[in-house]
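The block underneath contains the structure these notes are about, expressed in structure tokens.
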Amino acid sequence: MGPHVLHASHATPLVVLSFAIAMCASYTALTLAGRVAVARGRARLAWLTGGSVAMGSGIWSMHFVAMLAFHLPISIAYDVPLVTASWLAAVAASAFALWVAGRARVGMLGLAGAGICLGLAVVTMHYTGMAAVRVTARLSYDPMLVGASVLIAVVASTVALLLFRWLRNDYSRRGRSLRVAAAVVMGVAIAGMHYTAMAAARFSDAGSIALPQGSMIIGTAGLAVPVVMGALVILTLTVVGTITDHWVRVQLANAEALRESEERYRSVVSEVDEVIFRTDVTGNWTFLNPAWKTITGFSPDESLDTPHLDSVHQEDRATSEEQYAALIEGRTEFSRHEVRYRTRERGSRWVEVHARASRNLMGELVGTAGVIRDVTERRRAEEALRAASQAAEAASRAKSEFLSRMSHELRTPLNAILGFGQLMELEATTDGQKESAEHVLKAGQHLLHLINEVLDITGIESGRLRVSAEPVQVTETVGETLDLMRPLAAARHVELSADSAAMSERWVHADRQRLKQVLLNLVANAVKYNRVGGSVRVTCETGTRGCVRVVVTDTGQGIPADKLPRMFTAFDRLGAEQTDVEGTGLGLALARRLAEAMDGTIGVKTEVGVGSTFWVELPAAASETTRWEEMSRSGPVAIKSAPGRARQILYVEDNLSNLTLVQRILSQRPGVELIPAMQGGLALDLACLHRPQMILLDLHLPDIPGEEVLRQLRQRPDCRNIPVVVLSADATPGQIDKLLAAGAYAYITKPLDIKPFIQVVDDVLALHEAA
């Protein structure tokens, strides 16, 4: 005869209470699912933790309330560790349910899988609780009913997840009604699963089995305490959830208003042509408006959560990374830079990025935000303009180099023409032969003058022509110019004069030879285009900004207003219609370029039938002799005495004023003898003859350049150790470095600063004395 099956019964009030608890737990779960879905960060974790504990405790309480309602004709006890494990299973299952329901995106297939897992977790909780039962009987299960309980748990869990997702954000009156109805359905399903599983349990009399004893075993009375507490928690949460429902709806209404405001903001942002962006502290894109696709071809969704450097062209990533690092590290609060961004078509577009560091209300750095503008067309225009400018410069250089080359090439045959023309003139025996030779020489001289002027202009345009600016006396330069022009003026019966009083003590900062060339062109034109019996007068006056203006006035026919814009154009001869006037059309163009090279200007005033006035304006300067006298009056200059025999200093300088100045400076130094040399060749001979203690060398000499003098001095064994100090008005760093590298001891620029000059002289002589 088989074992005797024990018949069980249920206390109806507790059964009803278990259903109520299941429904309350379901309603609480539906409410908390909405909170988990909208929360972020730590708040989401807190809601998930609290919700899973509350929901799990409710399901667990329902189970053990139902177990308290279960009666057998024998005593029932429970194993505490397994009871606790069943509670943990219920909490874990609830946490899983809330996590799934709170996710932003989950498909039906994923939801079904989650429902199966949740159902199995609930089954685990139930049968773990059943495993905690300790009775003096044998426990077995009906497989069919066990399977039914599992099926009910899985279906109920899947339906619960669907309801969670459907109702989690619906706080309308309809939503509340649906949530109550759903809670009733879920409660019945959860309780139904439990009672189906209990129906599967079979308790049979085991005879001699004793009820276990110990601290980990509690009876029905002991179990009632935690069960009742769990039930109270669920009921309390349900009441609190109902009371706070109105408050939640108000908050949600505010959130909806905020959402609508954000939607309006997004609508405006989506209409602008510029990209509005945000990144996080790691450099990933967190927001991009639709203009991003217009520029790059990628949709914002494709680029979000990717590093912003991935969007930058490979060659520009270092620039972009440095700018971003400066913002993140706090070295700057704003960045503006231009880089190339990759496009979907594997190309790139230039953009201008304006970015700022973004901070939260606590002042903590959260990333960057800013605007990106497409500047591709502007960059293309700039590149085209740059290319056109470079092409124009290249064409100008090519023209200048061609003219320079051709001018030099023309000198070789011209040398033969002029040489043999002069021989023809010397050997001519008849008037016809002399006249022919004169025509040849006249044409050759005209061609030589043209070549020289072309060389000067091309030299200026190509940057090869250098000027050596120094204080130049106006009276002296004008006097030399007029002396050279007097034969031409006499041949044309034109009177030349100068206002000596106006030019007295006037000095300009200029290249002496180039200034004379400018004045020769102006005076020559004034003579050539004058009327017979006319006059040309040169005077001096104060110009703009304290400059000195040298004025050349003639009594010629004047220049028509429509021809004035062509006045300084190369090869454009305004007087070409006057067949008796020779010219190349380069004189005034060359004069203007030379004046500008000396930081000066040139201009003209004219009146038809009365005459013209040309002027050149240059920076004013004090003579170096005057500067020396002023310094001497302001205080004595310390000049060291030289012991022993006289020390010789060779000064290579073709400007008499500069020579006089240095002589006066060194005249106060006993035992120093100054040897002057106004030509480079002579200086080389004197250096080998006297072997002076030092050489002062100007660079612009009438016969050979100062650089060549220095080179030859360094090549001669008897002169190579003589210290050479360069005195020049050329203060460009490249020139100074070049001469020092060539072997110069020091490089002193003009106008002289007297004290440093004397210090250099003393240092050089002291080195010689020490040696």
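The values are calculated or read from the model by the stated rules, or taken from the named source; none is laboratory data. Source: prediction; values computed, not measured. Note that each Cβ is placed from the backbone with ideal geometry, even for glycine, and that neighbours are counted across all protein chains shown. Just the protein is used for accessible areas: all its heavy atoms, side chains included, with ligands, DNA and RNA removed. Shrake-Rupley method; radii C 1.70, N 1.55, O 1.52, S 1.80 Å.
Worth a mention:
- For residue 498, the residues whose modelled amide H falls within less than 5 Å of its own, excluding neighbours fewer than 5 places apart on the same chain, are 538.
- Over region 310-392, relative contact order from alpha-carbon pairs under 8 Å, at least 6 apart, %: 22
- Neighbourhood net charge (14 Å Cβ-Cβ; Lys/Arg +1, Asp/Glu -1) for residue 355: -2
- From the alpha carbon centroid of region 328-371 to that of region 644-685 is 67 Å.
- With K and R counted +1 and D and E -1, the other residues having a Cβ less than 10 Å from that of residue 526 yield a net charge of +1.
- Sorted largest first by accessible area at a 1.4 angstrom probe radius, with every protein chain in place, the residues 497, 149 fall in the order 497, 149.
- Remark: region 19-26, residue by residue, has Karplus-estimated 3J(HN,Hα) of 4, 4, 4, 4, 5, 5, 4, 5 Hz, where x stands for each Gly or Pro and the curve is 6.51 cos²θ - 1.76 cosθ + 1.60 at θ = phi - 60°.
- Selection of GluC sites (Glu not before Pro), region 477-565, meeting DSSP coil and at most 14 other Cβ within 10 Å: 505
- Long-range Cα-Cα pairs in region 656-760 (distance over 19 Å), rounded percent: 41
- Accessible surface of region 269-350, 1.4 Å probe, proportion on carbon and sulfur as whole %: 46
- Residue ranking by accessible heavy-atom surface, 1.4 Å probe, largest first, among 511, 703 comes out as 703, 511.
- Spin-label model, residue 382 to residue 74: label points 7 Å out along the Cα-to-beta-carbon direction sit 9.3 nm apart.
- Environment charge of residue 384, counting only residues whose C-beta is closer than 14 Å and scoring Lys/Arg +1, Asp/Glu -1: +1
- Pairs from 516/755; 442/528; 528/563; 528/605 whose Cα-Cα separation, in the structure shown, is over 20 Å: 516/755
- Computed from label points 7 Å out along Cα-Cβ, the spacing between residue 541 and residue 5 is 13.7 nm.
- Probing with 1.4 Å while keeping every protein chain in the model, the per residue accessible area of region 658-724 equals 44 Å².
- When the Cα positions of 717, 688, 727 are compared along the charge dipole of region 682-739, 717 comes out farthest toward the positive end, with charges on each C-beta of Lys, Arg, Asp and Glu.
- Multiplying the residue separation of residue 427 and residue 608 by 0.36 nm and subtracting their alpha-carbon distance yields 60.4 nm.
- FRET E, pair residue 322, residue 389, Förster distance 35 Å, beta-carbon r, rounded to 0.05: 0.75
- Once the Cβ-Cβ distance of residue 562 and residue 420 is raised to the sixth power relative to R0 = 56 Å, the FRET efficiency obtained is 0.80.
- Ligands, DNA and RNA left out, the accessible area of region 662-771 computed with a 1.4 Å probe is 54% carbon and sulfur.
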